[in-house]
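Read the figures in this text as sums done on the coordinates, not as results from a lab. Because the structure is a prediction, the values reported are computed rather than measured. Virtual Cβ from ideal backbone geometry, glycine too; neighbours counted across all protein chains shown.
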Amino acid sequence: MLFVELLVPKGAFDEQERRRFAGRLTARRLLSPGNGKTPATDPGVMDLFDSLSHVVVREEEIWSAGGNLLDESQDPWYVVNVIAGMWGKEMSEHLISRITAELAEGNAEPRVVVNVISLPEGSYGLRGRAHRSADFVPLIEEAKTGPAAPVPDGMIVDPICGATVPLDKAVILEHDGQTYGFCCTHCRGRFAKRLSIAEAS
């Protein structure tokens, strides 16, 4: 559920290179840990995120950086604007790191500015109506298919979204002697609400 806009100076890259950039900035690639590691995101949930994400690459006619107009003889600058829905704050560090790595493609660190933009609750429109983070949880739960690989020691699977999370970084909930770990407070809140409803009935 990302909108990724990559801005590049006009003439710096041909169409084939711009298409390659678009392929490197998909939700599937950006939400993975990189380095060939197995993604922590449930495969079905990743399919959902990928289906709701868009990437555009734009060539800018005039580009000034540091008060100087850029020309084709200089190393290009990149500006990436990423709208990350309601989870921008939680995802910003990861997205900045992954976008920079994808644009570097193993070379020296590129000159890139990444802006991760969060949307306020209710400001994401889907299927003709505004959605809040809680509205996505049923879609995510429906999309879950189970972990892509066996869960390693020191990791825990979020029972709401299916993400595999390091236990020491998980948002924890203890209930009836059982420890549950979550990727974020949204998932923890949903699970806690479900437990309180079950106990009340």
Exercise. Could you line up R190, R29 from fewest to most neighbouring Cβ atoms inside 10 Å?
Key: R29, R190
Practice problem: Mind ranking 45-56, 118-129 by how tightly packed they are, going by the mean number of other C-beta atoms within 10 angstrom, highest first? | Solution: 45-56, 118-129
Exercise. Quick one: check the C-alpha center-to-center distance for region 130-201 versus region 1-69, whole angstrom.
Key: 28
Quiz item: Which aspartates and glutamates does K10 reach when only Cα atoms under 16 Å apart count, and residues fewer than 8 places away in its own chain are ignored?
Solution: E59, E60, E61, D71, E72, D75
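To the nearest 0.05, how large is the calculated FRET efficiency for E109 and L52 if R₀ is 25 Å and r is the Cβ-Cβ distance? Walk me through the intermediate numbers first.
Numbers: r = 30 Å, r/R0 = 1.20.
Efficiency, from the Cβ-Cβ distance: 0.25.
Over 22 Å apart: what share of the alpha carbon pairs of the chain falls there, rounded to a whole percent? Walk me through the intermediate numbers first.
Working: 10972 of 20100 pairs.
Roughly 55 percent, rounded to a whole number.
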Quiz item: Whose amide H sits under 5 Å from the amide H of V79, counting only residues 5 or more places off or on another chain, with H placed in the peptide plane?
Solution: L7, V113
Self-check item: Added length on full extension, which subtracts the Cα-Cα distance from 0.36 nm per residue, A130 to D75
Solution: 15.7 nm
Exercise. Calculate, for E60 and E93, the FRET efficiency according to 1/(1 + (r/R0)^6) with r their C-beta to C-beta distance and R0 22 Å; round to the nearest 0.05.
Key: 0.25
